[in-house]
Amino acid sequence: MDLTPYVDNLRHELAVAADAGGDEARALAERLTAPLESATRLTLLNALSAAMGEVTRELAPGSVDVRLRGLDPEFVVTPAPAPEPFQETQAPVAAPATALAPPPPPADSDDGAMARINFRLPAHLKGRAENAAAAEGLSVNAWLVRAVSNALDGGERVSPPGRGKDSGGRGFTGWVR
């Protein structure tokens, strides 16, 4: 990306502003434009880097990097891996009551298969979700994943093996000496 047109435009705008101040202001503006060119380029690069940081956060796991080639920045886009196509499957046949099926993975487990969605939330709910996540020491994303999982599982929390309803009530709580 060539920054020269932007630097030239700023130089022109400074000259127009200086014209309103008379000959002394015009002479001062002409003396300042050359030393300000490198500061202008650096400021533009900082703004572009910050903007690409925001773009990268939205594209995650993809990214956009800013690289400097000579005096001009270059953008390097790394796309996110292509998502696997969605395939609808038939509902599994229920196993006999005597068979023991392994419990589903916990809501916050990382089984490697992730999908990205855009989720719009009213500002007042976003604040409440952030507070709830912080209170539990979780990221908002992890808290939302757990909340969705709990909602889809009928409000039941997935218990570790040997605890909860699946173990026949054999779990113990309390203090031991």
Response to the item:
Checked the range 12-68 against the a/c 1.5 cut and the a/b vs b/c comparison, axes a ≥ b ≥ c from its Cα gyration tensor; verdict prolate
Response to the item:
Given a 1.4 Å probe, the accessible area of the range 1-62 per residue, as a whole number of Å², is 69
Worksheet item: Ranked highest first by the average count of other Cβ atoms within 10 Å around their residues, in what order do 64-75, 118-129 fall?
Response: 64-75, 118-129
Worksheet item: Carbon and sulfur atoms: what percent of the 1.4 Å accessible area of the range 1-83 do they account for?
Response: 61
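The values are calculated or read from the model by the stated rules, or taken from the named source; none is laboratory data. All of these numbers come straight from a predicted model, not from anything done at the bench. Using ideal geometry, Cβ is built from the backbone for each residue, glycine included, and neighbour counts are taken over all protein chains shown. Accessible surface areas use protein heavy atoms only, side chains included; no ligands, DNA or RNA. Shrake-Rupley method; radii C 1.70, N 1.55, O 1.52, S 1.80 Å.
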